[in-house]
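What follows is a short report on a single structure.
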Amino acid sequence: MRTHLTRNRVAKGAAAAALGLAVAFGGLGAPAYAADPATLSAVILGVGATETQRIVTWYSSADTTQSVQLAPAASVVGGEFPASAQTFAALGSANIATSGGYNRHATITGLAEHTAYSYRVGSEGNWSPAYTFKTQDFEGDYDFLFYGDPQIGASGNVAKDQAGWTDTLDVSLAANPDAELLVSGGDQVETANTESQWNAFLASDKLRQYPWVATIGNHDVGGKAYEQHLFTPNTDRSGAYYANGTPSSNTSGGNYWYIYKDTLFIDLNSNSYATSQGGGGDAAHVKYVTDTIKQHGAEAKWTVLVYHHSIYSAAAHAKDSDNKVRRVDFPTTFSELGVDLVLQGHDHVYTRSYLIKNGAKANAAEQPGAEEVFAGPGGVLYVTSNSASGSKYYDITTPDNSGTSGAGNGADPLKPENYWYNSVQNQEHVRSYIKVGVRSDKLVVENVRSGTCAAPNASVEGGSWCDNTTAGQPVGSVVDKVTVRPYHGDSQDIQVAVPTAAPGEFGWTIDGHNGLVDLGTAVETEGEYFAAAGKINPIKVSDSRRSLSPWSISASVGDFVDADKKFSGSYLGWGPYLATAGAGAKAGTSVASGYDDDGKGLSISRGLGYAEQGHARGSAVLGADLDLKIPGEVEKGNYRTTLTITALSS
């Protein structure tokens, strides 16, 4: 009698799936849904509280129940979302009268890294088009892009501003397709509640593919449209963070924070700066930043602040009284709390500060335009971004004699045409954006052109003119670049990067030569049955998975067959054993020949070996003694069957 081995690997998930496919469906068709009458518009993808979340905000013409539907992009075929798509319920309320309709937002949670997702908003029977975004590694290096003041409508030509803004998004993301956040410097639009300007700002599908990190500018704050369009995570809408102290008024406000990878971002409504107007003023922001860093700073390696009003700029707003007040109120706290980078807008000019400590230049010897700086204790870099749309530029102004620290706007002793606090000042009347590379032990900050000036004194966006140094500089060329090295204290920090662990593998092989298991010629016993014995070819099981999940190996045989003659595989029994211990393996239970107990023998699946959850990683060799007893009435022949082996593991 002869038998041989074949293998059959089945994961538990696959087995469950097969079981699922066996479920019979009834004859009912898909339920019919009444069409939702709502018109859906202004969809924008926003940042969430962590890298595993996104917030989607949109407008609806009707006050109906709506949601976001999400599925892995690979599972969306022909625009059809699978039955397994997730649904996230939306919240919202009526818009102000000038906006009309209703606003909705929903938070997507539980995102996996390295995954492309498709999503749509609305309700059954009335979905928006599908949009796609992708997640990347949830640890390690990443890039984000910072955009100053699109301020759509500021030039007086909304279509022109929209074109410039759309082009900057296209250019910056073509150059940086793996950028993970699009961070706002504020002033999305020129007039707070003018929806035509918001529509122009939101026109690019890039804002549905990459998360927008909203910031309130002085042109956004005067109405509710900002809050209607841009819902933000962890937002404190207390009166202290509204310019007039009244969240229910027709103004936008609030401070918020989130953690993305190893960075704590804090976003402030810098429009609320004077308690005389009713809000909490700068003191409230100082407390908010202090409390947030104390509560969450240890969860991140970097701290980045974002707010609209630049306190270290060089153009029309450099000498504004409110900015002079902020220049006194903020820097010492930021230094003491270990803030690394402050990103600002408002002044429509590019500036990069020296490292600032407690409201003064941290190192008097730091040179203008240095390509690398080392932040001693309390050193903070402040950056102002120029216009991302080209809707408006402000020319650089001249320092005065008001001092070279604190609120002063005096000249830099090392470069008198600059303000004392600025390492670099630049106004080319050309659109640009800022790229920030967050690395394990440095920040790399670059100001990059997203527009061009064809020739000296040529007209550019907004009716301005570019200068001799700008002419001929291509899109994508770098205006300024600096690497910031953080301060690590008086002791020595030690860092090591741990890569993603290999998932490991589970499997089995025939240990050695996979030859025919020949049980030889059966011996007649007591005139009642024929007996034969042997051993299976040993099975080597290997498990290197970090999950230490349970596994089992089982096997069964079919009928023994010789041409048109056969007898049942139930007459084969076995006694499993461990030939070599390892991987937490244990031998299965012995199974008698069905001839002995009228049982099923190996005609049904029987366990050869197994390991429990939490077992050691490694390998084991499983064997089994075979015991075959054949009824005496079976006809003479040379019979063969197949031992089918199945591996199960979660």
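The values are calculated or read from the model by the stated rules, or taken from the named source; none is laboratory data. Please read all numbers here as calculations on a predicted model, not as lab measurements. Here the Cβ positions follow ideal geometry from the backbone for every residue, glycine too, while neighbour counts run over all protein chains shown. For the accessible areas, the whole protein counts, side chains as well, though only heavy atoms, and no ligand, DNA or RNA atoms are used. Shrake-Rupley method; radii C 1.70, N 1.55, O 1.52, S 1.80 Å.
With the structure loaded, tell me whether residue 534 is under 37 Å from the mean Cα position of the chain (by Cα), touching a residue at least 24 places away in the same chain (Cβ under 8 Å) and open to solvent by less than 30 Å² (accessible area, probe 1.4 Å) or whether it fails that test. Before the answer, list the steps.
Values: under 37 Å from the mean Cα position of the chain (by Cα): no; touching a residue at least 24 places away in the same chain (Cβ under 8 Å): yes; open to solvent by less than 30 Å² (accessible area, probe 1.4 Å): yes.
It is false that residue 534 is under 37 Å from the mean Cα position of the chain (by Cα), touching a residue at least 24 places away in the same chain (Cβ under 8 Å) and open to solvent by less than 30 Å² (accessible area, probe 1.4 Å).
Please go through region 427-437 and pick out each residue that is open to solvent by 10 Å² or more (accessible area, probe 1.4 Å) and outside any loop (DSSP other than H, G, I, E, B).
435
Against the definition (surrounded by 20 or more Cβ atoms within 10 Å (Cβ to Cβ) and either touching a Leu at 6+ places or on another chain (Cβ under 6 Å) or of a type outside the set (Val, Ile, Thr) (or both)), how does residue 211 come out, yes or no?
Values: surrounded by 20 or more Cβ atoms within 10 Å (Cβ to Cβ): yes; either touching a Leu at 6+ places or on another chain (Cβ under 6 Å) or of a type outside the set (Val, Ile, Thr) (or both): yes.
For residue 211, the condition - surrounded by 20 or more Cβ atoms within 10 Å (Cβ to Cβ) and either touching a Leu at 6+ places or on another chain (Cβ under 6 Å) or of a type outside the set (Val, Ile, Thr) (or both) - is met.
Hey, could you check region 522-531 for residues that are in a loop (DSSP other than H, G, I, E, B) and open to solvent by 30 Å² or more (accessible area, probe 1.4 Å) and say which is nearest to residue 602 (Cα to Cα)? Before you say what the answer is, go through the steps one by one.
Pass one, region 522-531, residues in a loop (DSSP other than H, G, I, E, B): 522, 526-528.
Among the residues that remain, those that are also open to solvent by 30 Å² or more (accessible area, probe 1.4 Å) are: 526-528.
On the way: 526: 24, 527: 24, 528: 21 Å.
Once the filter is applied, the top-ranked residue is 528.
Looking at (1) of a type in the set (S, T, N, Q); (2) in contact (Cβ under 8 Å) with a residue 60 or more places away in the chain; (3) part of a strand (DSSP E or B); (4) over 29 Å from residue 248 (Cα atoms), find the lone condition where residue 52 falls short.
(3)
Of the numbered conditions (1) closer than 21 Å to residue 440 by Cα; (2) open to solvent by 10 Å² or more (accessible area, probe 1.4 Å), residue 320 fails exactly one; give the number of that condition.
Exception for residue 320: condition (1).
Sort out which residues of region 504-521 are within 22 Å of residue 615 (Cβ to Cβ) and loosely packed, with under 10 Cβ neighbours inside 10 Å, and write them in order of number.
505
Search region 387-426 for residues being in a strand (DSSP E or B) and among the charged types (D, E, K, R), and hand back the single one that is surrounded by the most Cβ atoms within 10 Å (Cβ to Cβ).
412
Identify, please: which residue in region 60-81 is at pLDDT below 95 and in a loop (DSSP other than H, G, I, E, B) and is, among those, nearest to residue 117 (Cα to Cα)?
Taking the candidates together, the pick is 79.
Filter region 245-299 for residues that are of a type in the set (Asp, Glu) and touching a helix residue (DSSP H, G or I) at 6+ places or on another chain (Cβ under 8 Å) and give the result. Working first, answer last.
First, the residues of region 245-299 that are of a type in the set (Asp, Glu): 262, 267, 282, 291, 299.
The one that is of a type in the set (Asp, Glu) and touching a helix residue (DSSP H, G or I) at 6+ places or on another chain (Cβ under 8 Å): 282.
Every residue in region 606-650 that is open to solvent by less than 30 Å² (accessible area, probe 1.4 Å) and closer than 19 Å to residue 593 by Cβ, please.
608, 623, 624, 626, 628, 630, 631, 639, 641, 643
Could you grab me the full set of residues in region 443-459 that are assigned to a strand (DSSP E or B) and at pLDDT 95 or above?
The answer is 443, 444, 445, 446, 447, 448, 449.
Test each condition in (1) touching a Ser or Thr at 6+ places or on another chain (Cβ under 6 Å); (2) farther than 17 Å from residue 283 by Cβ for residue 258 and report the one that comes out false.
Single failed check for residue 258: (1).
Looking at (1) modelled with pLDDT of 95 or more; (2) part of a strand (DSSP E or B), can you tell me which one residue 507 breaks?
With respect to (1) modelled with pLDDT of 95 or more; (2) part of a strand (DSSP E or B), residue 507 is out only on (1).
Does at least one position in region 487-496 carry a residue that is among the charged types (D, E, K, R) and under 25 Å from residue 647 (Cβ atoms)?
Within region 487-496, the first condition is being among the charged types (D, E, K, R), and the residues that meet it are 490, 493.
From what is left, the residues that are under 25 Å from residue 647 (Cβ atoms) are none.
No, region 487-496 has no match at all.
Looking at this structure, is residue 351 crowded, with 18+ Cβ neighbours inside 10 Å, of a type in the set (Val, Ile, Thr) and under 34 Å from the mean Cα position of the chain (by Cα)?
Values: crowded, with 18+ Cβ neighbours inside 10 Å: yes; of a type in the set (Val, Ile, Thr): yes; under 34 Å from the mean Cα position of the chain (by Cα): yes.
Yes, satisfied.
I'd like the residue in region 235-291 that is within 27 Å of residue 442 (Cα to Cα), open to solvent by less than 30 Å² (accessible area, probe 1.4 Å) and of a type in the set (D, E, K, R) and, out of all such residues, is farthest from the chain's Cα centre (by Cα).
Only one residue tops the list, namely 267.
Take region 542-561 and flag every residue that is part of a loop (DSSP other than H, G, I, E, B), polar (S, T, N, Q) and in contact with a Lys or Arg (Cβ under 8 Å, 6 or more places away or on another chain). Explain how you work it out, then say what you get.
The initial filter retains those residues of region 542-561 that are part of a loop (DSSP other than H, G, I, E, B), namely 544-550, 558-559.
Adding the requirement that they be polar (S, T, N, Q) leaves 544, 547, 549.
Hit for region 542-561 is 544, nothing else.
Checking residue 363 against (1) in contact with a Lys or Arg (Cβ under 8 Å, 6 or more places away or on another chain); (2) assigned to a loop (DSSP other than H, G, I, E, B), which single condition isn't satisfied?
(1)
Taking residue 495 as the residue in question, decide whether it is open to solvent by 50 Å² or more (accessible area, probe 1.4 Å), at pLDDT 85 or above and outside any strand (DSSP E or B). Write out each step before concluding.
Details: open to solvent by 50 Å² or more (accessible area, probe 1.4 Å): yes; at pLDDT 85 or above: no; outside any strand (DSSP E or B): yes.
In short, no.
In this structure, does residue 4 turn out to be within 30 Å of residue 520 (Cβ to Cβ) and either at pLDDT below 60 or assigned to a strand (DSSP E or B) (or both)? I'd like the intermediate steps shown before the answer.
Details: within 30 Å of residue 520 (Cβ to Cβ): yes; either at pLDDT below 60 or assigned to a strand (DSSP E or B) (or both): yes.
Criteria met by residue 4.
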